[in-house]
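The values are calculated or read from the model by the stated rules, or taken from the named source; none is laboratory data. Nothing here was measured: the structure is a model prediction, and the numbers come from that model. Glycine also receives a Cβ, built like all others from the backbone with ideal geometry; neighbour counts cover every protein chain displayed.
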Amino acid sequence: MILFLYGLLAICGLPIFFLAIYPLMSHVFAAFTKGNTHFESSKHNNASATNELPPVSIIIACYNEESFIRSKLTEILSKANWIEGSELIVVSTGSTDTTDQILREFDSNPNVHLCLIPERISKIDAVNYAVNICRHKLLVFSDCRQKMKVGSIQRLVSKFQDPTIGTVAASLLDTKNDESPSFFRKMYHNMALNQSKVGSCFNVYGALYAQRKSVYRKIPTDLLFDDLFVVVSTISQGMRLVQEKEAVIYDVSFYSYYKPERVQRLTRGLLLFLFNHKKLIFSLPPTVLFRFLMYKYLKLLMPFLLLAVFLLTALLSYMSGFFGAYFGILFVVLAVLFIFNLTRNFLVVFIQINWYFFLATINFVFFNKRSKKWKKLNTANENPATLL
């Protein structure tokens, strides 16, 4: 019986271990393969490639964005960010605030194409519509709220010198911590850059990314958001998805961003994609598929695995006569972690996020909460412009 319990403990503990060392694995893998792959960025030096860039179609889908839309269009159209000959397509779908009124201020700009749709349609439908009418071979997608580093669009587009690249994602940094990103943002940032050196990363932030039109595939409307589809669609076509270090979008801090509603939305989006598009996901090469599932989906199992490990270790300690010692050690470890601000904040956020993942997964699997419709998130108090 004890051997069986130890076996269960190993089964539950190994995925947690692999997820914990995944950032280190990506770094080691990139270090060992550096210089031995045709993906080396030195062969496609985009530092000097931003002088002469092809025009692009920049696409924004918006709904009730009166707080951000004027500054976003002004930012994109500025001389420092604009690529000559480009077009900016803005699709507003059923906005009930002053978004459309603000957009009409740009109607006289020949570079701006406004599509003011009276009825409410999803962001995915709006993006598909915009791609269908765009003129250029390179696409740039942007959201409204986040600010971006000057020259980010040029940096994204310059990566397409490399014919193996199909999609380029911007880097995401905390607004207040540009010089010293939060631990989690820095970890994800470094993982994506390391993965990009030797193949493809799995990060696409809807706030800013670029894609070849030839690689774009119509986004299915049974999804909650487009990010995962873009990742899998790009890689399954044999093209690379990379992150550009110098193309930067600024957002609120990691700890402010991952609130209950966002974690629940993320969970539902991940599970909808898995349930509705298993065939596409499993078309990925085996090694890529393994990394993708570990990187994107293992976190949803984390709360269940942690609970199982806790119960199994408690049971084993009871059967071995160390029940009191087990909880004594656990109490001391937690007490020490809560003494220091850094470890206390980390632990609190870790517990909160895993609790949200747990609830959202339970609701999806057992209570059929699988709607692809989601009420617009309240971001009125999250304007990065006020935090720079």
Sort through Gln243, Gln264, Gln237, Gln211 and tell me the only one that's buried (at least 18 other Cβ atoms within 10 Å of the Cβ), farther than 27 Å from Phe357 by Cα, of a type in the set (S, T, N, Q) and in contact (Cβ under 8 Å) with a residue 60 or more places away in the chain.
-> Gln211
Would you check if Asn46 is modelled with pLDDT under 65 and crowded, with 18+ Cβ neighbours inside 10 Å?
-> yes
Selection count where residues are over 27 Å from Ile153 (Cβ atoms) and part of a helix (DSSP H, G or I), scope segment 244-264 = 5
List every residue pair whose Cβ atoms sit under 9 Å apart, with the two residues 6 or more apart in sequence or on different chains, where the first one lies in segment 363-388 and is surrounded by 12 or more Cβ atoms within 10 Å (Cβ to Cβ) and small (Gly, Ala, Ser) and the second, anywhere, is part of a loop (DSSP other than H, G, I, E, B) and modelled with pLDDT of 55 or more.
-> Ala385/Phe68
Only one of these is within 21 Å of Phe225 (Cα to Cα), of a type in the set (Val, Ile, Thr) and buried (at least 16 other Cβ atoms within 10 Å of the Cβ): Ile121, Ile102, Ile165, Ile153. Name it.
-> Ile121
Condition test on Leu307, is it closer than 20 Å to Phe366 by Cβ and touching a Pro at 6+ places or on another chain (Cβ under 9 Å)?
-> no
Complete set of residues in segment 78-103 that are charged (D, E, K, R) and touching a residue at least 12 places away in the same chain (Cβ under 8 Å) | Glu84, Glu87, Asp97, Asp100
For Leu293, state whether it is in a helix (DSSP H, G or I), hydrophobic (A, V, I, L, M, F, W, C), within 19 Å of the chain's Cα centre (by Cα) and modelled with pLDDT of 90 or more.
-> yes
Within segment 330-354, residues loosely packed, with under 15 Cβ neighbours inside 10 Å and under 20 Å from the mean Cα position of the chain (by Cα) come out as Phe350
Where Ile281 falls short, out of the listed (1) β-branched (Val, Ile, Thr); (2) within 24 Å of the chain's Cα centre (by Cα); (3) farther than 20 Å from Val365 by Cα; (4) surrounded by 13 or more Cβ atoms within 10 Å (Cβ to Cβ) = (3)
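Residues checked against (1) part of a helix (DSSP H, G or I); (2) of a type outside the set (A, V, I, L, M); (3) touching a His at 6+ places or on another chain (Cβ under 7 Å):
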residue: Phe184; (1), (2), (3): yes, yes, no
residue: Met187; (1), (2), (3): yes, no, no
residue: Met191; (1), (2), (3): yes, no, no
residue: Asn194; (1), (2), (3): yes, yes, yes
residue: Ser200; (1), (2), (3): no, yes, no
residue: Asn203; (1), (2), (3): no, yes, no
residue: Ser214; (1), (2), (3): no, yes, no
residue: Thr221; (1), (2), (3): no, yes, no
residue: Val230; (1), (2), (3): yes, no, no
Please name all residue pairs, on different chains or six or more residues apart, with Cβ atoms under 8 Å, provided the first residue is in segment 153-173 and is more than 20 Å from Gly206 (Cβ to Cβ) and the second residue is among the charged types (D, E, K, R) and not in a strand (DSSP E or B).
-> Asp162/Lys43
Taking Leu139 as meeting all but one of (1) over 21 Å from Leu223 (Cβ atoms); (2) among the hydrophobic types (A, V, I, L, M, F, W, C); (3) in contact with a Lys or Arg (Cβ under 6 Å, 6 or more places away or on another chain), write down the number of the exception.
-> (1)
Filtered residues of segment 127-143 (kept if more than 20 Å from the chain's Cα centre (by Cα) and in contact (Cβ under 8 Å) with a residue 40 or more places away in the chain) | Ala130, Val131, Ile133, Cys134, Arg135, His136, Lys137, Leu138
Filter result for Phe350 (over 27 Å from Asp174 (Cα atoms), assigned to a helix (DSSP H, G or I) and either at pLDDT 90 or above or not small (Gly, Ala, Ser) (or both)) = no
